[in-house]
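Throughout, read-outs are computed from the coordinates displayed, never taken from laboratory work. Keep in mind it's a predicted model, so treat the numbers as computed, not measured. Every residue, glycine among them, receives a Cβ derived from its backbone with ideal geometry; neighbour counts consider all protein chains shown.
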Ligand SMILES: [Zn+2]
């Protein structure tokens, strides 16, 4: 499935090739202090391929907190957070926001609550390496 997503104004957009074809897409409502405030609901598949396009990189605010191992890519024009990345052992992993999807039927989403607050750093990074999108490309200045 080729999933398209973007922030509201289109400055940050992504194409997510989800293979094999999903029968359902996990949608994890994160309860960390940041995601609670903006309603972050994330998904990923270790076998998916993610291509992120940023039209105006100057209009992307990158935010980290806590362990500072995850980077929230916030469109500073419209305030949407379509993607989070984490660099682990020099490889870039990502999750995307199901709220930023443009072409996915809501019935495909399997919503659940996620609680990662009790993880230590080592288990957190290991979980990301297992479950986050491992094939991530960023293109800046694209039309
Ligand atoms: Zn935007």
Query raised in the report: Hey, what did the chain get for relative contact order, percent, Cα under 8 Å, at least 6 apart?
Result: 33
Report task. Evaluate the distance, in nm, between pseudo-label points positioned 7 Å from the Cα of residue 62 and of residue 119 along their respective Cα→Cβ axes. Result -> 2.0
Report task. Could you tell me whether segment 48-122 comes out rounded, prolate or oblate from its Cα gyration tensor? Rule is a ≥ b ≥ c as square roots of the eigenvalues, rounded for a/c under 1.5, then prolate if a/b exceeds b/c, otherwise oblate. Result -> oblate
Query - Protection proxy ranking, peptides 42-54, 25-37, 119-131, average beta carbon neighbours within 10 Å, highest first - result: 42-54, 25-37, 119-131
**Report entry** Order by protection proxy (mean Cβ within 10 Å, highest first), peptides 104-115, 73-84
**Finding:** 73-84, 104-115
Query - Cα gyration tensor category, rounded, prolate or oblate, for segment 1-75 with a/c compared to 1.5 - result: oblate
Query - Distance in nm between pseudo-label sites at residue 21 and residue 69 (7 Å out along the Cβ direction from Cα) - result: 3.7
Query raised in the report: What translational D, rounded to a whole number of µm²/s, comes out for segment 13-143 from Stokes-Einstein when the hydrodynamic radius is the Kirkwood one over Cα pairs, at 10 °C and 1.306 mPa s?
Result: 105
Query raised in the report: How big is D for segment 88-143, in µm² s⁻¹ as a whole number, if Stokes-Einstein is applied with the Kirkwood radius of its Cα pairs at 37 °C and 0.692 mPa s?
Result: 234
